[in-house]
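Data block below; observations after.
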Amino acid sequence: MEKSLITHPEKPLFIEHINEEHQDDLVNIATVLINNINIAKQGNADMDINTEIERVLITEIYHQGIDIQVNYTQRPSETHFIAFPAPIEQLKELQSQYIILKQQTDKKLGRQSIKLRKQQFTFIDSFLVTANMYRLLLSTSDDIPLEQAGYAYLFDLESPHKPSQPLSRQHCYYTLRKAWHTPTEIDTQRQTLAWVDVYLHGDTAGGNWARSLKPNDVISSKREFPEKIQHLDDGKGQVLLIADETSLPTVARLLELWHNPTPPIIISITNDPADQDYLTHDIGTPAQQATIIPISQTAQAELVTTIEDTIKTHISDAGIKIDKVWGALEANTAKTLRKRLKPLFDLPRGDFVLKVYWRLNNE
């Protein structure tokens, strides 16, 4: 296939972002598409298909696809070309083609994937759960996950009650805290309700949008994203969860659905100590059984060291071994902490998930 390079000043930033933050996706794309593996048809979605691959890097982007470098643990690296489902004209089309590649891969792995679809919610009410965690009570369609932690929706932040004006952010991901079916007060017809918790931190597009909503407002999302928590599903081993205000809703739902006989250790990071009550607000026994270690964030630059030292002290004093990790934090914090904790725990890639949920100065 004849290939023509994409030229754009932001291309290196996109490559760096995908290589740093979507390594698991790249490994799966490389393994499944290069070798044409179809785990779903084999009926073994838990099969470890990429133990030989150490790292996968995008090295170049063309109108027709991407070059990837596959680094193996026991053999020389290889370079492969992965074609897009459809050629792109501009860099802004790259995200949609990358998402399609991920969807194709996840389908062959028998896993949930990103959904590019519009979902509507009707705003019912709102209230503060803690000092800065603002809960939206919404009604929606039945097509919503009831027993899944960390499922996120990319909401349109356009306010129904304010004149249209340029926003610093047009859309924002918010995690589904919980969803359930219930009879209505009028009759027995089933209604689907949901909580979406929004962290309020100053004059931000997301916080302003959430506070502007009024009863019966219809809000919408354009994309859905399932969380990477498959490694926690086997109910075995000591799990470490690391979360700040943006990812505590995922941890809260994980606790409600917890079936591992070993309670998790949770590093709970909040700017305001008053928000530390979030995990015990409406969860009950699972939260009481977990070991929750609070960290009140005072300086971003010191946060990684504080988290690392806190974890080292706890596992040393308790004499325990961490078997699995899930966490989600600010981009620079997650990236640095990932490098610090990987050698400490020495876990397989699939058992160590530390994600980016937000970026400084992105509101």
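Laboratory data are not the source of any read-out in this text; all were calculated from the coordinates shown. Model, not experiment: these values are computed from the prediction. Note that each Cβ is placed from the backbone with ideal geometry, even for glycine, and that neighbours are counted across all protein chains shown.
Across the options 173, 361, 132, the greatest Cα extent toward the positive end of the charge dipole of the chain (unit charges at beta carbon of Lys, Arg, Asp, Glu) belongs to 173.
Remark: spin-label model distance residue 11-residue 314 equals 4.4 nm, labels positioned 7 Å along the Cα→Cβ axis.
What the phi angles of segment 98-112 give under the Karplus curve with 6.51, -1.76 and 1.60, with θ = phi - 60°, is a coupling list of 5, 4, 5, 4, 5, 4, 4, 5, 4, 4, 5, 8, x, 10, 5 Hz, glycine and proline written as x. Packing order of peptides 130-137, 118-125, highest average first: 130-137, 118-125 (average count of other Cβ atoms within 10 Å over each peptide's residues). Around the amide H of residue 22, modelled in the peptide plane, lies no amide H under 5 Å away from a residue 5 or more places distant or on another chain.
The antiparallel fraction among DSSP beta bridges confined to the chain stands at about 70%.
In this structure the amide hydrogen of residue 327, modeled in the peptide plane, comes within under 5 Å of the amide hydrogens of 242, 353, 354, 355, none closer than 5 places in sequence on its chain.
Annotation: amide H of residue 65 within the under-5 Å range of 84, sequence separation 5 or more or interchain, hydrogens built in the peptide plane. Per-residue 3J(HN,Hα) values for segment 146-156, derived from phi via the Karplus relation 6.51 cos²θ - 1.76 cosθ + 1.60 with θ = phi - 60°, read 9, 10, 9, 8, x, 5, 10, 10, 8, 7, 6 Hz in sequence order (x marks Gly and Pro).
Helices in the chain, meaning DSSP H runs of at least 4 residues, each add -39500 (n - 2.57). Divided by all residues, the mean residue ellipticity at 222 nm is -8500 deg cm²/dmol.
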